[in-house]
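Notes for the one structure printed next.
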2 protein chains.
Amino acid sequence: MKIKVIVTLKNGVLDPQGKAIQQTLNGMGHNNVNEIRQGKYFEVEINEKDEKKAKLKVEEMCKQLLANLVIEDYKIV
Amino acid sequence: MKIKVIVTLKNGVLDPQGKAIQQTLNGMGHNNVNEIRQGKYFEVEINEKDEKKAKLKVEEMCKQLLANLVIEDYKIV
């Protein structure tokens, strides 16, 4: 079963990478872009048929490794 | 309006970063993880009220900058 996770920076945490992309887009003529924030996306292929159990396992992985909970939030989608 | 984009590696393109995460998870005891593929996630805050137009603009940005279409696919969500 494939579980998808999105990890984003918490609100208020500076995102210099996103800022750089935004400035590049502005420079390319996309002047209507006000802000870009970049996050990470993971597809976890897990050997578990029960969706609820699989999501619980992936949530554990997020807490342990995939997300830094001090500055990041995760969302299982 | 905020438009969300997921950029993933195309099928068949090697993902050494995902592989490293998978091996780390296996080493931490998550033996049921078969594969991890990592992608990118963007939240684009665009000054455009019409959702259809905003998505078209963001699609253009994906093609120009956010995704490398040789090895990556994008999905506007």
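What follows draws every value from the coordinates through simple rules; no lab data is involved. What you see is a predicted model, and the numbers here were worked out from it, not measured in a lab. Positions of Cβ are backbone-derived with ideal geometry, glycine not excepted, and every protein chain shown enters the neighbour counts.
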Mind listing the label-point distances from A:Met28 to the same position on all other copies, shortest first, one decimal in nm, points 7 Å along Cα→Cβ?
3.4
What is the residue of chain A with the smallest Cβ distance to the axis taking A onto B, and what is that distance in whole Å?
A:Tyr41, 2
If packing is taken as the mean number of other Cβ atoms within 10 Å per residue, what is the order of B:48-59, A:10-21, B:33-44, A:39-50, highest first?
B:33-44, A:39-50, B:48-59, A:10-21
Per DSSP H run of at least 4 residues, take -39500 (n - 2.57); add these up for the protein assembly as shown, divide by its residues and hand me the 222 nm value, nearest 500 deg cm²/dmol.
-9000 deg cm²/dmol
Counting pairs of alpha carbon atoms under 8 Å apart in space and at least six apart in sequence, what relative contact order in percent does the stretch B:2-76 give?
50 percent
So the angle from the long Cα axis of helix A:51-61 to the longest Cα principal axis of chain A, reported in degrees to the nearest 10, equals 60 degrees
How large is the charge dipole for the protein assembly as shown, taken about the Cα centre, if only the Cβ atoms of Lys, Arg (+1) and Asp, Glu (-1) carry charge, to the nearest 20 debye?
160 debye
Quick one: which residues, 5 or more positions from A:Gly39 or on another chain, have an amide H under 5 Å from its amide H? H modelled 1.01 Å from N in the peptide plane, none for Pro or chain starts.
B:Tyr41, B:Phe42, B:Glu43
Place a +1 charge on the Cβ of each Lys and Arg in the stretch B:2-76 and a -1 charge on the Cβ of each Asp and Glu, then give the dipole magnitude about the Cα centre in debye, rounded to the nearest 20.
100 debye
Return one number: the angle in degrees, 0 to 90 and rounded to the nearest 10, between the long axis of the Cα atoms of helix B:16-27 and the longest principal axis of the Cα atoms of chain B.
40 degrees
